[in-house]
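What follows is a set of notes on a single structure, which appears directly below.
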Amino acid sequence: MTLPVRPVAALIGALAVLAVIGAFQVNAWLTVPAVIGFSVVVHRQQRRSGGSAFLHRTERWAILAAVVIAGTVTLLASA
């Protein structure tokens, strides 16, 4: 089963995952660019779509799941 995730949602998810991994590893070289990229992409999409609800519900859940999985795996790997 595949989720209907648009490329922009995949990009937002990837940047969010990189930010979480970098934050848990206390790696500023990974966290800062990921957070800046995440902020820029989200801001541009909000301006383009005219509001904050530019992601579909399944895309939001997919991003949240990716962030939770990445955080859990990173914490388990560092233990």
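Kindly report the accessible area of the chain per residue (heavy atoms of protein chains, probe 1.4 Å, no ligands, DNA or RNA), in Å². Don't skip to the answer; put the middle values down first.
On the way: 5540 Å² over 79 residues.
The answer is 70 Å² per residue.
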Discussion item. Computing the accessible area with a 1.4 Å probe over protein heavy atoms, can you report the carbon and sulfur percentage for the chain?
Written reply: 70 percent
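What 222 nm value per residue comes from the helices of the chain, counting each DSSP H run with n ≥ 4 as -39,500 (n - 2.57) and dividing by all residues, nearest 500 deg cm²/dmol?
Working: 3 runs with 62 residues, N = 79.
Mean residue ellipticity, 222 nm, calculated: -27000 deg cm²/dmol.
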Discussion item. Once you compute Rg and the Kirkwood Rh from C-alpha atoms, what is the Rg to Rh ratio for the chain?
Written reply: 1.01
Discussion item. Quick test of the membrane-span-like rule: which DSSP H helices of the chain reach at least 30 Å along their long axis (C-alpha atoms) with mean Kyte hydropathy at least 0.0?
Written reply: 28-49, 57-78
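The values are calculated or read from the model by the stated rules, or taken from the named source; none is laboratory data. Treat the numbers as computed from the prediction; the structure is a model and nothing was measured. Just so you know, the surface numbers come from the protein's heavy atoms only, side chains and all, with ligands and any DNA or RNA stripped out. Shrake-Rupley method; radii C 1.70, N 1.55, O 1.52, S 1.80 Å.
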